[in-house]
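J.: Dropping the structure in here first, questions after.
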Amino acid sequence: MGNFAANEGLSIFVILVWLGINAFLFVHFYMVFLVKRWFYTRVLLGQALPWARAPAACLNFNCMLILLPVCRNLLSFLRGSIQCCSRTAARQLDRNLTFHKLVAYMISFHTAVHIIAHLFNFEFFMDAQLNRNSSLLTFVLSEIGTGDNASFLNPIRTNETVSSCRTRLLKLNPTIVMFTTIAGLTGVVITLALILIVTSSMEVIRRSYFEVFWYIHHLFVIFFIGLVFHGYGRIVRGQTPASLNTNDPEVCADQFEDWGKNGNNCTVPEFAGNPPATWQWVLGPMILYVCERLVRIYRSHQKVVITKVVMHPSKTLELQMKKKGFRMEVGQYVFIQCPSVSRLEWHPFTLTSAPEEDYFSAHIRIVGDWTQALYEACGGDKAEPQEAWKLPKVAIDGPFGTASEDVFRYEVVMLVGAGIGVTPFASILKSVWYKRIQNNQDVFTKKIYFYWLCPETEAFEWFADLLQSLEGQMAEKGMTDFLSYNIYLTRWKESEAAHFRVHHEAENDPITGLKQKTLYGKPNWDNEFTNIASKHPGTKVGVFLCGPPLLGKSLGKQCRSHSEADVKFIFNKENF
């Protein structure tokens, strides 16, 4: 339970606070529209009025939050600022995209409730206008403001065609109103933009058609513009404070036929809409996000030089680059843009170089249109090496912090990489070696357990060189106990496995060339955690993963179940 609190306690607290604020806003604004000022509005609309306004308040709150988790420069600054004070708080910032998605789901939910309630409202407005019976309060309220008086209540105004074309208007008017009022027009635009953004964010589309996801996501600009102007029409109106003094709904509602007549104390009520307030919620985050984009634009114009291009097996491209003033820490990532491929697209890649090196590098797996175009621009599809002056220009935004920055804050560390997810650990392992050969006494980490899970043998090749170098250098320094690594081939053919077993007795592994033999299948995580816990009592073990969500759930569960009074496993996962 203690480790569950250490791993998830603050996250759960943040989520509960967020849900609590949503619940409070919903209930509060629901009750606000049950007061006397909105009595006559409820006569026309019934309970659909508070059911429309309550989710609108929650939408304002969540639209205020939705941009903050993607202000990555702000998050990187906050992470660096609070890291020295609270490692747990800093770790929550690594879950920014998870929170971004939760807020998006909440926006979608409240949007659906808001739309459904307003569809009922339009129907009630239309019925009140079409049912032209002066003995009904709903009709009398709908007639207020038919002249020059602007204090109307029903936004669907009376016109000459109502009586002659009643049936036709009953079919057309809700659609006309929806598309011709400010609220209706912006509401449709906002809804369409939100539907496109949410549907294109589905994992299957995001992974297979990243460009579609990336471009459509920028409809958020239209979404926010529509959101700010949505309330300027002031369609939903309540009785003015001055009118409440001369027309108390609780007294005057039953006297509506005599409103404004001599001898009657009830005047004709006057109505006004609330001033638009959405801009007050979203203006601050919008300014922050604009500043974020300006910083990115500034960085994108700083010169970046590609010093070396390496084509690794399994279609993996390595770019080694230099940029004036560039400083990094282990495990960080950058966004890369290649103008010759696309002037708008930026893609995140983990840095595989160490801070001690005089360049920074990224390994890019060729899996989509953008990466394929970059691969070809760098000469990956050509037999001869690409000349330096022919290499494409690239822009770099970053570096940005991740959970892996905390790796040297733990005495014992487990690094788990799946496939190309090994990239942040390349930086860590390189940095470990540099610190060791420089006799850096400030290294707190005493033991590293490294696990690499890969489905295909070719994927091992680009990283095996680094491991071979580390293995040899650690042996020379008598530090073989510092790094324990296990490489798993998770998918293979029986004939291949049998061939590899024949060579199992050889000094070096036939796949990787390492002294440590490649293992087949998937790790038994229960045994691995039990073994590490028994070897390191009384320590906090940092578990770092860069891999799929399913593996993350499994490791998170193992961290919680194997943490006891004398040993705790703290789970950290890469998110970008």
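J.: Quick one: in the range 129-157, which of the residues that are part of a helix (DSSP H, G or I) and at pLDDT below 80 is farthest from residue 55 (Cα to Cα)?
T.: Out of the qualifying residues, it is 130.
J.: Does the range 298-306 contain at least one residue that is open to solvent by less than 70 Å² (accessible area, probe 1.4 Å) and touching an Asp or Glu at 6+ places or on another chain (Cβ under 9 Å)?
T.: Checked against the condition, which is being open to solvent by less than 70 Å² (accessible area, probe 1.4 Å) and touching an Asp or Glu at 6+ places or on another chain (Cβ under 9 Å), the range 298-306 yields at least one hit.
J.: Another question, if that's okay. Residue check, residue 72 against (1) modelled with pLDDT under 80; (2) touching an Asp or Glu at 6+ places or on another chain (Cβ under 9 Å), all met but one. Which one?
T.: All conditions are met except number (1).
J.: Could you please give the count of residues in the range 247-267 that are in a loop (DSSP other than H, G, I, E, B), in contact (Cβ under 8 Å) with a residue 60 or more places away in the chain and over 12 Å from residue 40 (Cα atoms)?
T.: Looking only at that region, the number is 1.
J.: Listed residues 324, 315; which is surrounded by fewer than 15 Cβ atoms within 10 Å (Cβ to Cβ), touching a residue at least 12 places away in the same chain (Cβ under 8 Å) and of a type in the set (Lys, Arg)?
T.: Answer to the check: 324.
J.: With the checklist (1) open to solvent by 10 Å² or more (accessible area, probe 1.4 Å); (2) in contact (Cβ under 8 Å) with a residue 40 or more places away in the chain; (3) within 18 Å of the chain's Cα centre (by Cα) in hand, flag the one item residue 71 doesn't pass.
T.: Against the list (1) open to solvent by 10 Å² or more (accessible area, probe 1.4 Å); (2) in contact (Cβ under 8 Å) with a residue 40 or more places away in the chain; (3) within 18 Å of the chain's Cα centre (by Cα), residue 71 comes up short only on (1).
J.: Could you check residue 537 against (1) surrounded by fewer than 17 Cβ atoms within 10 Å (Cβ to Cβ); (2) modelled with pLDDT under 70; (3) more than 35 Å from the chain's Cα centre (by Cα) and say which number it fails?
T.: (2)
J.: Let me ask something additional. So is residue 431 part of a loop (DSSP other than H, G, I, E, B) and buried (at least 20 other Cβ atoms within 10 Å of the Cβ) or not?
T.: no
J.: Something else: Are there any pairs with C-beta distances below 8 angstrom linking a residue in the range 202-231 that is within 17 Å of residue 104 (Cβ to Cβ) and free of Cβ contacts under 8 Å to residues at least 40 places away in the same chain to a residue that is open to solvent by less than 70 Å² (accessible area, probe 1.4 Å) and of a type in the set (Lys, Arg), with the two at least 6 apart or on different chains, and if so which?
T.: 213/206
J.: Condition first: surrounded by 18 or more Cβ atoms within 10 Å (Cβ to Cβ) and over 19 Å from residue 403 (Cα atoms). Now tell me which residues in the range 540-564 satisfy that.
T.: Of everything in the range 540-564, those that are surrounded by 18 or more Cβ atoms within 10 Å (Cβ to Cβ) and over 19 Å from residue 403 (Cα atoms) turn out to be 562, 563.
J.: Can you give me the number of residues within the range 314-329 that are within 24 Å of residue 455 (Cα to Cα) and part of a loop (DSSP other than H, G, I, E, B)?
T.: 2
J.: Counting just the residues of the range 261-286 that are of a type outside the set (Ser, Thr, Tyr) and touching a helix residue (DSSP H, G or I) at 6+ places or on another chain (Cβ under 6 Å), which one comes out surrounded by the most Cβ atoms within 10 Å (Cβ to Cβ)?
T.: Checking each candidate, the answer is 269.
J.: Right, another one. Have a look at 258, 248 and point out the one that is of a type in the set (Asp, Glu), touching a helix residue (DSSP H, G or I) at 6+ places or on another chain (Cβ under 8 Å), open to solvent by 30 Å² or more (accessible area, probe 1.4 Å) and not assigned by the TED database to the domain that holds residue 338.
T.: On inspection, the qualifying residue turns out to be 248.
J.: Hey, another quick one. Quick check: anything in the range 271-290 in contact with a strand residue (DSSP E or B) (Cβ under 7 Å, 6 or more places away or on another chain), assigned to a loop (DSSP other than H, G, I, E, B) and in the same structural domain as residue 156 (by the TED database)?
T.: Looking through the range 271-290, none of the residues is in contact with a strand residue (DSSP E or B) (Cβ under 7 Å, 6 or more places away or on another chain), assigned to a loop (DSSP other than H, G, I, E, B) and in the same structural domain as residue 156 (by the TED database).
The values are calculated or read from the model by the stated rules, or taken from the named source; none is laboratory data. Please read all numbers here as calculations on a predicted model, not as lab measurements. In this analysis, Cβ positions are derived from the backbone assuming ideal geometry, glycine residues included, and neighbour counts consider all displayed protein chains. We work out accessible area using only protein heavy atoms, side chains counted, and drop any ligands, DNA or RNA first. Shrake-Rupley method; radii C 1.70, N 1.55, O 1.52, S 1.80 Å.
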